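The values are calculated or read from the model by the stated rules, or taken from the named source; none is laboratory data. Model, not experiment: these values are computed from the prediction. Glycine gets a Cβ as well: all are built from the backbone with ideal geometry, and neighbour counts include every protein chain shown.
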Amino acid sequence: MSAEHRLPNVSRETLDALEAFEALVRHWTQRINLVSKASLEGLWTRHILDSLQLIPFLPEGEGHWLDLGSGGGFPGIVLSIAAKTMQPEMAMTLVESDTRKSVFLRTAIREFGLNAKVRSCRIETLPQIPSDIVSARALASLSTLLGYAQPHLGPGGKAVFLKGTTWKKELADAQREWSFSHEITTSETDPSAVILSIGNLVHV
């Protein structure tokens, strides 16, 4: 890892685990498409640091985080690694319909001793899992994501989505179908991207 990589305030133990996870992703990507070959060069910034931006949303105590469409573990595995030292009682459920990616996620959970589990199914068929936070990254439009998240949001729960350059249009489109409060934070890894934090979600 080179010196220019910006890091949030994480422990040495967390940093070591994240570097080991980066190596694991690179190894598995030779066999299955965890991340695109084009993004491998910028894996640390584009995927790991991008995911770590969600650390401020880690629920305290025995909170639950639900990550939809977990793919290569971004942000779910990255945040589970951070939570191991920062919020060790927090549980993570990762939802991934691709069988091979689910195997990878379970491998990462086992290797890093994470308080997490994988549900290998389509999001639409997932039984209700009351959660403090529901997240997704590069998965679907905001309106679609809100439909996925709503059944799983517990009282006071928030949906947290990493969105790219089309976020303004997606937000406007979603506001025609949904009523919600929201906060917008500019991404530290891409100035054209944002983190959308959404609460008080009601379909209209």
Handout entry: Subset of segment 122-138 that is more than 21 Å from Ala91 (Cβ to Cβ) and assigned to a loop (DSSP other than H, G, I, E, B) - its residue that is farthest from the chain's Cα centre (by Cα)
Key = Arg122
Exercise for the section: Kindly provide the set of residues from segment 160-192 that are surrounded by 14 or more Cβ atoms within 10 Å (Cβ to Cβ), without any contact (Cβ under 8 Å) to a residue 60 or more places away in the chain and closer than 17 Å to Phe74 by Cβ, ordered by number. Expected result: Phe161, Lys163
Practice task
Would you mind stating whether Ala38 is among the small types (Gly, Ala, Ser) and either closer than 14 Å to Ala108 by Cα or touching a Lys or Arg at 6+ places or on another chain (Cβ under 8 Å) (or both)?
Solution key: no
Problem - segment 83-124: number of residues that are buried (at least 23 other Cβ atoms within 10 Å of the Cβ), among the small types (Gly, Ala, Ser) and touching a Ser or Thr at 6+ places or on another chain (Cβ under 6 Å) - result: 1
Problem - Single residue of segment 25-60 satisfying the filter (part of a loop (DSSP other than H, G, I, E, B) and more than 19 Å from the chain's Cα centre (by Cα)) that is farthest from Thr186 (Cα to Cα) - result: Arg31
Practice task
Determine whether Gly73 is closer than 25 Å to Thr185 by Cα, in contact (Cβ under 8 Å) with a residue 40 or more places away in the chain, among the small types (Gly, Ala, Ser) and not in a helix (DSSP H, G or I).
Solution key: yes
Exercise for the section: Please find, within segment 193-204, the residue that is surrounded by the fewest Cβ atoms within 10 Å (Cβ to Cβ) out of those that are β-branched (Val, Ile, Thr) and within 19 Å of Pro59 (Cα to Cα). Expected result: Ile195
Practice task
Tell me which of these Thr45 doesn't satisfy, since it passes every other one: (1) more than 26 Å from Glu124 (Cβ to Cβ); (2) at pLDDT 90 or above.
Solution key: (2)
